[in-house]
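Worksheet for the structure shown next.
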Amino acid sequence: MIPIYLCEDNTLQLDLLKSMIEKYIFIQAYDMEIRQAVHTPHELLDLLPDQPENAVYFLDIHLHSDMDGIELASAIRQKDPRAFIIFTTTHSEMAMTTFRYQVEPLGFLIKDDPNYTLQILHCLQSVLEKSKIPASPNGRLHFRMPDQDLFIPIHEILYIEATGAHRITVHTTTAIYQCSGSLNETLSKLDQSFFLCHKSCLVNTAHIRTLYRRPCQIVLDNGAVCPCAQRRFSQLQHLMGIE
């Protein structure tokens, strides 16, 4: 079941959003549930589990707190890298701001739009469709290049790093490829053996040889060293079966 979290500081708006989502879940028989509906960003962050759960987050942008919805989304990405983030607001001009923060939202809903309720349904449908997409057809990661289609065997990928605006470098056991894309976008196409160990690095845990606690670093089979954010180290240990 896919968990859903709501954060909206206006009680009436929160109740409306909650009731609409619950109605769609019931009518469409979606395998989803609203896990929490809160008024402040810190309430939500305190409620999140330690392990990523690929949850759905409907976040108001203007929360009248020391943290707005965009900053909250960035914090959520650190805990739940594959999260589906949907912003709600009355200010359509905020859409470009969300992209500048590179939180990669699934949707951007305008509350006073006549199609607001329908857009909520479309977002839920999109989440279900993306959740059912297999990691990658035939065990290969596909990149569309200007003059070719590139298919990289997933088991050969050591790590992937962000190298610029919507640019990534894929390091494999046999070659290095420069491609268009983002880490979160690429992560959504991969299986659970891949982990976002740092905001700039996605690692294949199947190729990890050594984990260093101080400094937090990952050594791969070929000797390459990848950084690991301190706050993500325990999650990585859990994935590696270390209790």
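Computed on protein heavy atoms with a 1.4 Å probe, the accessible areas place V219, V203 in the order V219, V203, largest first. Among R35, R209, R232, the order of accessible area from largest down is R209, R35, R232, computed with a 1.4 Å probe on protein heavy atoms. For the chain, the longest principal axis of the C-alpha atoms and the axis of helix 11-28 are separated by about 70°.
Provide the gained length on full extension for the span Q217 to L45, in nm with one decimal, where the gain is 0.36 nm per separating residue minus the Cα-Cα distance. Write out the running numbers ahead of the final one.
Working: separation 172, 0.36 × 172 = 61.92 nm, distance 2.60 nm.
Once the chain is fully extended between Q217 and L45, it gains 59.3 nm.
Give the dimensionless ratio obtained when the Cα radius of gyration of region 1-60 is divided by 2.2 N^0.38 Å.
Values: Rg = 11.5 Å, N = 60, 2.2 N^0.38 = 10.4 Å.
Dividing the Cα Rg of region 1-60 by 2.2 N^0.38 Å gives 1.10.
So if each residue of separation counts as 0.36 nm, and I subtract the Cα-Cα distance between Q119 and H142, what length gain in nm does that give?
Working: separation 23, 0.36 × 23 = 8.28 nm, distance 2.94 nm.
That pair, Q119 and H142, stretches by 5.3 nm at full extension.
Using θ = phi - 60° in the Karplus curve 6.51 cos²θ - 1.76 cosθ + 1.60, the 3J(HN,Hα) couplings for region 52-64 round to x, 9, 6, 7, 9, 10, 9, 10, 6, 6, 9, 9, 6 Hz; x is entered for Gly and Pro.
As a test of reading the structure, rank R213, R167, R82 by solvent-accessible area (1.4 Å probe, protein chains only), most first. Walk me through the numbers on the way to the answer.
Details: R213 150, R167 90, R82 45 Å².
Reading off the accessible areas and sorting them downward yields R213, R167, R82.
Length gained on full extension, T11 to M67: 18.4 nm, using 0.36 nm per residue less the C-alpha separation.
Averaged per residue, what accessible surface does the chain expose to a 1.4 Å probe, in Å²? Walk me through the numbers on the way to the answer.
Numbers: 12500 Å² over 243 residues.
Averaged over the residues of the chain, the accessible area is 51 Å².
Between the Cα long axis of helix 69-79 and the first principal axis of the chain there is an angle of about 40°, rounded to the nearest 10.
Each label was represented as a point 7 Å from its Cα along the Cα-to-Cβ direction; for Q237 and Y177 these points are 3.5 nm apart. Magnitude of the charge dipole for the chain, about its Cα centre and with charges confined to Cβ atoms of Lys, Arg (+1) and Asp, Glu (-1), is about 820 debye.
Here the chain exposes an accessible surface that is 51 percent carbon and sulfur, computed with a 1.4 Å probe and the other protein chains kept in place. Cβ screening of the chain for cysteine pairs under 4.7 Å finds these without a partner: C7, C123, C179, C201, C226. So for the chain, taking the charge dipole from beta-carbon charges (+1 Lys/Arg, -1 Asp/Glu), which of L14, L128, P146 sits furthest toward the positive end? Towards the positive end, the residue furthest out is P146. Residue-wise HN-Hα couplings along region 198-212, as the Karplus relation 6.51 cos²θ - 1.76 cosθ + 1.60 with θ = phi - 60° gives them from phi, are 7, 4, 10, 8, 10, 10, 8, 5, 5, 10, 7, 9, 9, 10, 10 Hz; Gly and Pro carry x.
Which value, in debye to the nearest 20, gives the size of the charge dipole of region 173-226 about its Cα centre, when Lys and Arg are +1 and Asp and Glu are -1 at the Cβ?
Details: 5 positive and 3 negative charges, 52 e Å.
It comes to approximately 260 debye.
Equivalent-ellipsoid semi-axes for the chain (Cα gyration tensor, √(5λ), whole Å, largest first): 33, 20, 17.
The values are calculated or read from the model by the stated rules, or taken from the named source; none is laboratory data. Note that the structure is predicted; figures quoted are calculated from it, not measured. Positions of Cβ are backbone-derived with ideal geometry, glycine not excepted, and every protein chain shown enters the neighbour counts. What goes into the accessible areas is simple: the full protein's heavy atoms, side chains included, and nothing from ligands, DNA or RNA. Shrake-Rupley method; radii C 1.70, N 1.55, O 1.52, S 1.80 Å.
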